[in-house]
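K.L.:
Could you have a look at this structure, given as structure tokens, before my questions?
The values are calculated or read from the model by the stated rules, or taken from the named source; none is laboratory data. Here the structure is a predicted model, which is why all the values come from computation and not from measurement. Positions of Cβ are backbone-derived with ideal geometry, glycine not excepted, and every protein chain shown enters the neighbour counts.
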Amino acid sequence: MKSRFFLPSVVAPLATLLLALLWTAIPVPAWTASNETLEIATQSGVRAFAVEVVATEEERQKGLMFRKELPEGNGMLFDFKVEAPVSFWMKNTYISLDMIFIRADGRIASIAENTEPMSERLVPSAGPVRGVLEVIAGTSRKLGIKPGDRVGHWIFSGK
């Protein structure tokens, strides 16, 4: 009779320990790609990006902080819901980024290229914007993305 009560009291903690060990052994990807697509119409053609859209204040404050990588062709799109001047910084951001500031009509207002990782220096939008697209540094120059180019995504009135 004792073994019937003893066995469950030993198995349950062992099973819990085993599950905890398995859980910590599962690798968590540094980048979670969103299934949303954003397109930028440039002079040399349309460029598509897989974007993770952040729309809450908590998400905007965290942004790409603490991430070790951002694959080419991916980005983070910040939706501010209304057009207003904004500023960003790179505190706790390990990778250099291009910040593409986008007006409510979907036109690119300005671009901050090759931002300095871990910097607390403010990077302003140079005018009112509805959203900001962060991509890996060098993307704007490599793809020929410039102010005035049109961005297609549902948060902008142009699409």
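K.L.:
Being surrounded by fewer than 19 Cβ atoms within 10 Å (Cβ to Cβ) and among the basic types (Lys, Arg) is the filter; apply it to segment 89-123 and report the residue that is farthest from Glu72 (Cα to Cα).
P.N.:
Arg121
K.L.:
Determine whether Ser110 is among the polar types (S, T, N, Q), part of a strand (DSSP E or B) and modelled with pLDDT of 95 or more.
P.N.:
Yes, satisfied.
K.L.:
Moving on. Please indicate, with yes or no, whether at least one residue in segment 114-125 is in contact (Cβ under 8 Å) with a residue 40 or more places away in the chain and either touching a strand residue (DSSP E or B) at 6+ places or on another chain (Cβ under 9 Å) or in a loop (DSSP other than H, G, I, E, B) (or both).
P.N.:
yes
K.L.:
If a residue must be touching a residue at least 40 places away in the same chain (Cβ under 8 Å) and either within 19 Å of Val51 (Cα to Cα) or aromatic (Phe, Trp, Tyr) (or both), how many such residues does segment 75-89 contain?
P.N.:
Of the residues in segment 75-89, 8 are touching a residue at least 40 places away in the same chain (Cβ under 8 Å) and either within 19 Å of Val51 (Cα to Cα) or aromatic (Phe, Trp, Tyr) (or both).
K.L.:
Could you check, for segment 69-85, whether at least one of its residues is exposed (fewer than 10 other Cβ atoms within 10 Å of the Cβ) and at pLDDT 90 or above?
P.N.:
yes
Here is a yes/no grid of residues against (1) within 24 Å of Thr37 (Cα to Cα); (2) among the small types (Gly, Ala, Ser); (3) more than 18 Å from the chain's Cα centre (by Cα):
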site: Ile95; (1), (2), (3): yes, no, no
site: Met99; (1), (2), (3): yes, no, no
site: Asn114; (1), (2), (3): yes, no, no
site: Met118; (1), (2), (3): no, no, no
site: Leu122; (1), (2), (3): no, no, yes
site: Ala126; (1), (2), (3): no, yes, yes
site: Ile136; (1), (2), (3): yes, no, no
